[in-house]
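Report on the following structure.
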Amino acid sequence: MKSVIVRRRLEMVMGCWRERVHGLFVNEPLTMEDHTVCKELSPDMVMFVTHLYKEGYFKDSNFFPRKKFDITCFENSYGRDFVKYAAEQFGRDHQEIAKWLSGSDLKKVALFGCPSIAKKTVFSAKRLRAYFRIQEDNVCSKCALKASCKFVNQSVWNRDMNNLQLPVVMRVITLYALESVPPQLVIPDEIKTSVNRLLMDILRLSQTVC
């Protein structure tokens with residue numbers, strides 16, 4: 001009986017710890033509707049995460065054993081949240097890359113929809129659609145997440161829609177690349193291809209343009 005009580009207390013502590021960590025890196029509350037599926041990283045994502053590590057974007061992390069890079073540390077929600085945070089910071093540091101990205105691949109991703117129902121992610125996807133002048137109803141009407149989304153058909157305002165913001169792009173494509181999406185959202189192969197191509201272009205450009 002005592003062991004059961006100890007285990008339950010430990011589960012409660014771990015639950016609170018995870019929510020605090022999530023809020024620290026993502027600045028969004030966890031919601032019951034926003035469950036995600038963690039899958040093995042794709043080869044392209046492994047390359048990108050390794051680059052982020054080499055560039056110092058994980059210097060504040062504390063989850064590497066013996067402080068050595070280990071790709072298996074990103075097989076849980078905590079590691080994935082840190083990747084999202086690091087990718088967004090990378091986008092802020094490399095804004096000049098945005099103008100060189102493939103418009104056709106970006107538009108495919110924009111047309112597909114939102115990778116999450118979390119507010120910050122949804123409005124990043126909406127800004128990407130606004131950049132391409134895509135009507136919200138064209139995307140929201142066929143979205144698999146529509147039933148649980150609070151922002152269906154809402155548009156974004158007071159933003160410079162003529163300039164593509166790389167942090168916005170990173171916030172959207174990183175979730176697709178990690179496949180950290182709600183289970184009811186199935187990512188087509190063509191979207192995966194566009195996302196991986198964008199990731200590799202961003203990686204290449206960061207080493208040549210910047």
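Some points to look at:
- Qualifying residue in the range 57-80 (condition: in contact with a helix residue (DSSP H, G or I) (Cβ under 8 Å, 6 or more places away or on another chain), surrounded by 15 or more Cβ atoms within 10 Å (Cβ to Cβ), closer than 19 Å to residue 208 by Cα and of a type in the set (Gly, Ala, Ser)): no
- Residues satisfying the stated conditions in the range 103-120, i.e. within 17 Å of residue 191 (Cα to Cα) and part of a helix (DSSP H, G or I): 103, 104, 105, 106, 107, 108, 109, 110, 111, 112
- Looking across 179, 190, one residue alone is out of contact with any Pro (no Cβ under 6 Å at 6 or more places or on another chain) and modelled with pLDDT under 95. It is 179.
- Hey, residue 199 in contact with an Asp or Glu (Cβ under 7 Å, 6 or more places away or on another chain), under 17 Å from residue 124 (Cβ atoms), assigned to a helix (DSSP H, G or I) and in contact (Cβ under 8 Å) with a residue 60 or more places away in the chain or not: yes
- Output for the range 32-49, where each listed residue is surrounded by 14 or more Cβ atoms within 10 Å (Cβ to Cβ), modelled with pLDDT of 80 or more and assigned to a loop (DSSP other than H, G, I, E, B): 41, 42
- Count of the range 50-102 residues, restricted to those that are in a loop (DSSP other than H, G, I, E, B) and either under 21 Å from residue 127 (Cβ atoms) or under 18 Å from the mean Cα position of the chain (by Cα) (or both), is 8.
- Summed over the range 135-157, residues that are modelled with pLDDT of 95 or more and closer than 30 Å to residue 206 by Cβ total 1.
- Flag if residue 116 is among the polar types (S, T, N, Q) and within 21 Å of residue 81 (Cβ to Cβ): yes
The values are calculated or read from the model by the stated rules, or taken from the named source; none is laboratory data. This structure is a prediction, so every number in the text was calculated from the model and none was measured. Cβ: placed from backbone, ideal geometry, glycine included. Neighbour counts: every protein chain shown.
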